Amino acid sequence: MTLAIGIDVGGTKIAAGVVDDDGNVVAELRSPTPATDVEATEQAIVDLVSELRQEHDIRHVGVGAAGWVDASRSVIYYAPNLAWRDEHLGEELSESCGIPVVIENDGNAAAWGEYRFGAGRSFDDVVCVTVGTGIGGGMVLGGALHRGGFGIAAEFGHVRVVPDGLLCPCGNRGCWEQYASGRALVRTARELAAADPGRAETLLSLGDGTPKGIEGVHVTAAAEDGDLVARDAFEEIGRWLGQGLADLVAVLDPSCLVISGGVSDAGELILDPARAAYEAAVAGRGHRPFAELRLADHASSAGLVGAADLARTAP
Ligand SMILES: [Zn+2]
């Protein structure tokens, strides 16, 4: 049994776990992400690794980070929601921790976790779309993680789906994540509630009573409670999600599509409209098999499990 540490660095929290060969998390720690402070973020990772190593014999450490990681799995070119810019994180962490540390894109790590131990485990070609604040993802093609020529493949959220559409933090307009992410869900719910407050009674009551007070958790809770506007918001986001999935299928032809990330916690609320839109939009429908569309098995831990396994197994 080889134990590895997997770490998932998100915009708000860092999750670290000791993971065994079968993808089981045998110990887990969490700490907040000091998102604007590079040194404090690195120190928080070093502290978590050190604490976990006191109790466990660790040979490998993998870090999944919400950033664009180079092909050598060491340098973060850029992180839209964290302070990393051309950061040699792998080298620095390896030195501070006294053990080799491999860096992975968080979407790649989650895709690998789902492919090895989760919803995609019985397939060789798996595309995982992470629907959180934005949209990330990863793809396993022919049983291998596809990182691309520079390590930055599978930035699905920045495929432009609307000409001259909404402005994205990446600098372009009309990116998919502006229409099918958690942020888009909240924006849509606020717009719909402002247009017809009478239909959003439950939704508005969960916040401060104004459309601006609506947050993501409110939309899910209200939709589960039957709120019409919250349900409409999920319908709309799901429709955009399904349209994009059809395009990914046209390019990559996966046998399985996995939806992970915070928004996937809403389950069928997001999956049903996504499936309907995907099946209605996929090219050659009626003359080809549909890729299996599934929710992630390990939405909250796939990133750290995948990062640990990639540190242990990938070249
Ligand atoms: Zn973008």
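The values are calculated or read from the model by the stated rules, or taken from the named source; none is laboratory data. Quantities reported herein were computed from a predicted structural model and do not represent experimental measurements. Virtual Cβ from ideal backbone geometry, glycine too; neighbours counted across all protein chains shown.
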query = From the residues in segment 261-315 that are touching a Cys at 6+ places or on another chain (Cβ under 9 Å) and among the charged types (D, E, K, R), which one is nearest to ILE135 (Cα to Cα)?
reply = ARG294
inquiry  = Given the criteria farther than 18 Å from GLY143 by Cα, outside any helix (DSSP H, G or I) and not hydrophobic (A, V, I, L, M, F, W, C), does ASP272 qualify?
reply    = no
ask   = With respect to SER255, is the statement that it is within 16 Å of the ligand (Cβ to nearest atom) and either of a type in the set (S, T, N, Q) or within 27 Å of HIS146 (Cα to Cα) (or both) true?
value = no
task = Return the total of residues in segment 1-47 being of a type in the set (A, V, I, L, M), under 22 Å from the mean Cα position of the chain (by Cα) and over 22 Å from GLY261 (Cα atoms).
result = 3
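So, in segment 150-168, of the ones that are within 18 Å of VAL69 (Cα to Cα) and assigned to a loop (DSSP other than H, G, I, E, B), which residue ends up nearest to the ligand (Cβ to nearest atom)? Reasoning before the result, please.
The first filter runs over segment 150-168 and keeps only residues within 18 Å of VAL69 (Cα to Cα), leaving 150-158.
Add one more test, that the residue is assigned to a loop (DSSP other than H, G, I, E, B), and what stays is 150-155.
On the way: PHE150: 17, GLY151: 18, ILE152: 13, ALA153: 15, ALA154: 14, GLU155: 8 Å.
The selected residue is GLU155.
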ask   = Got a sec? Which strands (runs of 3 or more DSSP E) wholly within segment 2-93 have at least 3 residues that are at pLDDT 95 or above and buried (at least 20 other Cβ atoms within 10 Å of the Cβ)?
value = 3-9, 13-19, 58-65
inquiry  = I want to confirm something. Restricting to segment 169-179 and keeping residues that are under 15 Å from GLY132 (Cβ atoms) and free of Cβ contacts under 8 Å to residues at least 24 places away in the same chain, which single residue is farthest from the ligand (Cβ to nearest atom)?
reply    = GLN178
query = Within the bounds of segment 183-197, is there any residue that is without any contact (Cβ under 8 Å) to a residue 40 or more places away in the chain, closer than 19 Å to LEU245 by Cα and within 16 Å of the ligand (Cβ to nearest atom)?
reply = no
task = Among the residues of segment 244-279, write down those that are polar (S, T, N, Q) and either crowded, with 22+ Cβ neighbours inside 10 Å or under 19 Å from the mean Cα position of the chain (by Cα) (or both).
result = SER260, SER264
query = Any chance segment 113-127 includes a residue that's away from the ligand (no atom under 16 Å from the Cβ), assigned by TED's automatic domain parsing to the domain that holds PHE234, within 19 Å of LEU245 (Cα to Cα) and in a strand (DSSP E or B)?
reply = yes
